1. Run through the DSSP bridge list for the chain and note the antiparallel percent, rounded to the nearest 5.
2. Enumerate by residue number the GluC sites (Glu not before Pro) in the stretch 17-94 meeting two conditions: DSSP loop (anything except H, G, I, E, B), and at most 16 other Cβ atoms within 10 Å of the site's Cβ.
3. Using only Cα atoms, locate the centre of the stretch 1-30 and the centre of the stretch 63-138, then give the distance between them in Å, rounded to an integer.
4. Which net charge results when you count Lys and Arg as +1 and Asp and Glu as -1 among the other residues whose beta-carbon is under 13 Å from that of residue 278?
5. What residue among 270, 91, 313 has the largest mean-square fluctuation in a Gaussian network model of the chain, using Cα springs under 10 Å?
6. How large is the helix-only mean residue ellipticity at 222 nm for the chain, computed as the sum of -39500 (n - 2.57) over DSSP H runs with n ≥ 4, divided by its residue count, in deg cm²/dmol to the nearest 500?
7. Can you give the accessible area per residue of the stretch 307-391, in Å², using a 1.4 Å probe?
8. Of all the C-alpha pairs in the stretch 35-279, what % are more than 27 Å from each other?
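The values are calculated or read from the model by the stated rules, or taken from the named source; none is laboratory data. Not measured: the values here are computed from a predicted model. Methodologically, a virtual Cβ is constructed for each residue, glycine included, from the backbone with ideal geometry; neighbour enumeration extends over all protein chains shown. These area figures cover heavy atoms from the full protein model, side chains too; ligands, DNA and RNA do not enter into them. Shrake-Rupley method; radii C 1.70, N 1.55, O 1.52, S 1.80 Å.
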Amino acid sequence: MMKQIDNKLLISKIRSIVKTDEFIALHEPVFMGNEKKYVNECIDTGWVSSVGKFVNQFEEQLADFVGAKRAVAVVNGTAALHIGLKIAGVNVNDEVLIPSLTFIATANAVTYCGATPHFVDIEFKTLGIDPEQLDKYLSEISHLKDGSCINKNTGKRISAIVPMHTFGHPVDLDKLIEVTEKYNITIVEDAAESLGSYYKGKHTGNFGKVSAFSFNGNKVITTGGGGAIVTNDEKLADFAKHITTTAKIPHAWEFVHDDIGYNYRMPNINAALGCAQLEQLPLFLEQKRKLSEAYSIELENVSGIKFFTEPHNSKSNYWLNTIIIEEDYLAERDNLLKDLNDAGIMARPIWKLMHKLPMYMHCPSMKLDNSINLEKRVINIPSGAKLGGQS
Ligand SMILES: *Cc1c(COP(=O)(O)O)cnc(C)c1O
């Protein structure tokens, strides 16, 4: 027999936490600091575009916060992933392991490199790639040839893997690193959702050869639109900067380019917004943590749902707060989504799995039981920093 979730109770609990009767968005940006000052400075001086001090400042301050050697600011997180994969050594005709449970950018960035996404399953405790299932799978379908991991079924090289830290919760990185070293597969982290998230005390984005961050309007901090390639390898960072700025050789007036570059640099006016946002990041993280703690306590007694909390050994930014519907209550999902949204509480299900989309349904894939199970059960609820500042 299907059981019912008490939607009214859930709505009243959420309202009591956020302390407002108004419409609540899923993740509203907050501009309480120097945003106008820095953006106005760009307009007043005319430095809005490709040159200006805020880009360098943003890159330095971001690298500093993440604890990495370098950051290269680009137009969005998707571009950061694209270039991250490319400079990590992903070539045309390679395969790249990615979770099926991710935002479309992860799969598209692989495709932009001329490579094929190869889908792997996730584990329930992190919502990210499951290293144990991965190890077992690779032992069955791959072999090492001249130091490269080759997919025995397709004959293609599996050059990289992209752990994505779902909703800010870090993947089990130690175990993942162990497995990838065994098969000689390069890690490129999709850290788009995990600015301010730590695995065993170290900031996400420091575990792969390269990582990608996003500063879209709905992320933890925003530059309007934006992203960054982060790495601890100085040479790779220099190369990333070079090819994201049209591969132009520095010169006072000549236009000479020595590679097929990309026009992916972040404009100064966006970086200005980003510098102001970075100043408030510690506060945002504190407020977001308060909000998730309140959810965790208040939602404990609502039957049929579980509030998802950070994995053991990790500190999550709780980018998007997540409730998971228990299996006996699954028929209630759409009702719950409708009632929440009708009550002015924005809620949405997780992304449709990548391997079900028309352009990716023929890609290689392992069994995706956990992803398929979770796809039906996850609901994200309002998560903006401001909501945690009310209590
Ligand atoms: C936001 C996001 C990106 C990058 O998105 P952009 O909108 O291009 O900045 C990449 N991967 C994941 C998982 C994301 O959530």
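1. 65 percent
2. Taking the stretch 17-94 and a limit of 16 other Cβ atoms within 10 Å, the loop GluC sites (Glu not before Pro) found are 22.
3. Using only Cα atoms to place each centre, the spacing works out to 33 Å.
4. Charge balance in the 13 Å sphere: -4.
5. 313
6. So the helix-based figure for the chain works out to -11000 deg cm²/dmol.
7. Here the residues of the stretch 307-391 average 43 Å² of exposed surface.
8. More than 27 Å apart: 34 percent of the Cα pairs in the stretch 35-279.
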